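Accompanying notes for the structure given below.
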Amino acid sequence: MIKNYIKTAFRNLWRTKAFSIINIVGLGVALACCMLILLYTMDEVSYDRFNLNKDKIYRIVVNSTNTGGVTNKYASTGMMQGPSFTRQIPEIESFVRVEGANYTVKRGNEVFDEEALYADSNFFAVFTVQFIDGNPKTALNDPRSVVLSEDLAKKYFGTQNAAGKTLELKVGDKFQPFLVAAVAKKSPQNSSIKIKMLLPLKASDSYKDDKWINSFLNTFLTIRPGANIKAVEDKMAKIFHKDAAEQMKEAATQFGFKDKLRYVLQPLLKMHTSTEYPADNGLSDASSPVYSYILTGIAVFILLIACINFVNLTVAQSLKRAKEIGIRKVVGGERRQLVIQFLGESYILSFIAFMLAIVLVQLALPVFNDLANKALSFSYLLSAKLVIGYIAIFLFTGLLAGFYPALVLSGFNPVQSLYNRQQFAGKNYLAKCLVVLQFTLATFFIISTITIYSQFDYLMHFDLGYNDKNIVSIHAGDADKQQLALFKTELLKSPSIKSVTAEQGGRWGTIAHINNGQQTFFDIKHIDDDYLPLFEIPMVKGRNFSKEMISDSSTSVLVNEAFVKQAGWKNPIGEVVDFFYNHKKYNVVGVVKDYNFRPLTEKIGPQLFSMKPSFPFGNIFIKITDQNKASSLDDIAKTFKQFFPFKPYQYVFKDAENAEQYEKEAKWKQIVTFSAILTIFISCIGLFGLATLSTERRRKEIGIRKVLGASVEGIVRKLSSDFLKLVALSAVIASPAAWWAMHKWLENYPYRIVVNSWIFLFAAATIILVALLTVCFHSIKAAIANPVNSLRSE
């Protein structure tokens, strides 16, 4: 019996090759999407679970409430919290602090920049790390020791067994030898702490910092099993209020800092996808559960649409199998046996689609990794949990796709089936509703794609208020004023270099008093006098800094228009900015036109410019001509190595650097675009099936119309109009939902497009055109068929 079922199933699949291929491709693509997204989701929830102490590890985070009642949440602490809380709270077993850093490494005459971490000496007792060489128990005891990853060990020594060797690291202005104490295996992909180069926290310049309100590292605690976390947090609050009381009073008096701080504990396993407390200061791969939710929703929709297509196509082909079903029933076949047969066919087809999906996943994984910012490999698909998940998807898909057709087909009347009188009762509302659902999703994705594309294009071509073209950006570390002056002079000898300037680098914010005591917060940027001219940032009032004005570096500042507006100044020139905490006052000598010095996800805020000679320059900007860029870059590289021989040379064009700020938008643009294409493709397959079903049901009607004189055009129009009404209804349903979703998404951008009506009209026209092309194939085929064949009696 089973052999007969299998033989019949394969014969039927071969007899209807076109429909079988469409079903297999549709299901295969949908299953591949589900497998990829399941792989992504499993990776997200698996972060840091390899740690043996995973259930005991918590990170100290802080809720800071200002005088206005607004609470800001931060993930960083200073040096004091870990040892103070551990010493006074019995429920805390131990603490370990982790701080992000960068080191310049020297190998022969070459220098390299490497990401590094500082950590307490008990780091390996808290976090699970596998070692290749060296002793982890003593690896971080010596301040001049370093632990390398196996990749860096190979890079600098050509072997993984590098323990006991010496590595030269730059400390201050000199390179000093550090002993490689151990070599660790490559950190797992799903680790928030990725070790490349790990040094003792004692080697950090901030190791002796004793300020409670400073925050620059992550502090982790191991809590004893069974401890009440809320009680531990309450004890932490009491200790902070007692031990930090004097410092908080000093901060309020000197800096006007009056926020109320409360330290709380965040479980290690919730850290990766936290939207409240970001993973930074040495931690990596911070994510958001929203990505998993959206991707999972997309996968479910695509799989659902594929199953709907299977139902429509199977039912559409059922009339051609009516006699087979009738004969099986006449010779004694039971309905239960027919249900098993058709479910078996569904599972055979689903299995083939599943095999296709595995091939598609392997081919698509590099592209998916790029979109999702992952480094997943095909071997991850073989984990026990994922295999169980894939089997569950396979069983569910086969049942979902085959159950309804099996019930319908097994219920055929044998007499009507044998005389080709079997028809489907009613108006097939279920199939029509499913098509409306499919094309509603497709229209939604088209509107979303157009909106995201338009917003991304808007951001990429937005007038930033300065010219970022043909500007080379170089990280100089801590170049002083004299070094920069000599470097500039040498560079400007090249005819292809137009101008050179520098800034301190990074983002800095501070507070000051204006208007005789009013406190204000603003961004501060330390520049030289060529900065504004190079970026073509205009002055609104007053003047720019000048080399001829000696006082500019000691008593003068520039401010932007937003600063003036916040201060309420009508005539800003001559106004005083009082840096009360270091007893220095500066006069405003010029107002800079507002420009977007931050990504366009932030509004322009108040900004102040200074030329303090005590601050080193971290970034150098070089304006080059549009011609001979390769030659210009060679000149810059040679000159840089001449003046900064022990600093790694890396450059980036400023416009490319700006574009990288919108990497997330670019990724989502691609994801939504792929989703739209897949949804449209699979929806069209479903419409193809419904068109087949309709033409089969109306075959005699079409023959009668032709006999009575109906034209091919008229018949095509009649058959197509029913489907186009469904698609038009889909556009009407999708438009308000897409409008709401896109407006919510655009609220994240202070500079955004207006969602115009043309987007909805274009989406509707596109989906109707695609549907029309899909339906016309069957409509034209039915319209040009010989009516004699359609009207022939049983």
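Residue-wise HN-Hα couplings along the range 728-736, as the Karplus relation 6.51 cos²θ - 1.76 cosθ + 1.60 with θ = phi - 60° gives them from phi, are 4, 4, 4, 5, 5, 6, 6, 4, x Hz; Gly and Pro carry x.
Residues in the range 767-773 carry Karplus couplings, in order, of 5, 5, 4, 4, 5, 4, 5 Hz; the curve used is 6.51 cos²θ - 1.76 cosθ + 1.60 with θ = phi - 60°, and Gly or Pro positions show x. DSSP beta bridges confined to the chain are antiparallel in about 80 percent of cases. Cross-link partners of K498 among lysines, defined as those whose alpha carbon lies under 18 angstrom from its own and excluding same-chain residues fewer than eight positions apart: K469, K488, K623, K629, K638, K654.
In order along the range 519-532, phi translates into HN-Hα couplings of 8, 9, 10, 7, 7, 10, 10, 9, 9, 10, 6, 8, 5, 5 Hz, rounded to whole numbers, per the Karplus curve 6.51 cos²θ - 1.76 cosθ + 1.60 with θ = phi - 60° and x for Gly and Pro. Ordering A227, N281, L198 by the projection of their Cα atoms onto the charge dipole of the range 189-288, which places +1 on the Cβ of Lys and Arg and -1 on the Cβ of Asp and Glu, puts A227 at the extreme positive end. Taking a ≥ b ≥ c as the square roots of the eigenvalues of the Cα gyration tensor, the range 27-151 is oblate, since a/c reaches 1.5 or more and a/b is not larger than b/c. Ignoring aspartates and glutamates fewer than eight residues from K667 along the same chain, the ones with Cα atoms less than 12 angstrom from its Cα are D370. Please list, in order, the residues from the range 198-218 whose amide nitrogen is less than 18 Å from a point placed 7 Å along the Cα→Cβ vector of T253. Label zone hits: 211-213.
Scanning residues 5 or more positions from F178 or on other chains, those with amide H under 5 Å from its amide H are L167, E168, L169, with H placed 1.01 Å from N in the peptide plane.
Only protein atoms count toward the accessible area here, which uses a 1.4 Å probe; on the chain, the carbon and sulfur part of that area reaches 59 percent. Sorting the segments 488-496, 742-750, 350-358 by their residues' average number of neighbouring beta-carbon atoms within 10 angstrom, most packed first, yields 350-358, 488-496, 742-750.
By the gyration tensor of its Cα atoms, with a ≥ b ≥ c the square roots of the eigenvalues, what is the shape of the range 525-638: rounded for a/c under 1.5, prolate for a/b over b/c, or oblate? Cα axes put the range 525-638 in the prolate bin. Amide H contacts for K498 (H built 1.01 Å from N in the peptide plane; partners 5 or more residues away or on another chain; cut-off under 5 Å): K623, I624, T625.
Peptides 521-527, 549-555, 299-305, 665-671 ordered by packing proxy, namely the average of other Cβ atoms within 10 Å per residue, highest first: 299-305, 521-527, 665-671, 549-555. S448 contributes an accessible area of around 10 Å² to the protein surface, as traced by a 1.4 Å probe with all chains present. Which pairs break 22 Å Cα to Cα here: K202/K481; K165/K208; K260/K603; K493/K547? Flagged as over cut-off: K202/K481; K165/K208; K260/K603.
Between S121 and L201, the built amide H atoms are under 5 Å apart, and every one of these is 5 or more places off in sequence or on another chain. Helix 289-318 and the long axis of the chain differ in direction by around 10°, with both axes built from C-alpha atoms. Taken per residue, the accessible surface of the chain reaches 48 Å², heavy atoms only and a 1.4 Å probe.
I'm spelling it out carefully: the read-out is semi-axes √(5λ) of the Cα gyration tensor in Å, the candidates are (1) 63, 35, 26; (2) 95, 63, 23; (3) 45, 29, 26, and one was derived from this structure. Which label? Matching entry in (1) 63, 35, 26; (2) 95, 63, 23; (3) 45, 29, 26: (1).
The values are calculated or read from the model by the stated rules, or taken from the named source; none is laboratory data. All of these numbers come straight from a predicted model, not from anything done at the bench. Every residue, glycine among them, receives a Cβ derived from its backbone with ideal geometry; neighbour counts consider all protein chains shown. Note: areas computed on protein heavy atoms with side chains; ligands, DNA, RNA excluded. Shrake-Rupley method; radii C 1.70, N 1.55, O 1.52, S 1.80 Å.
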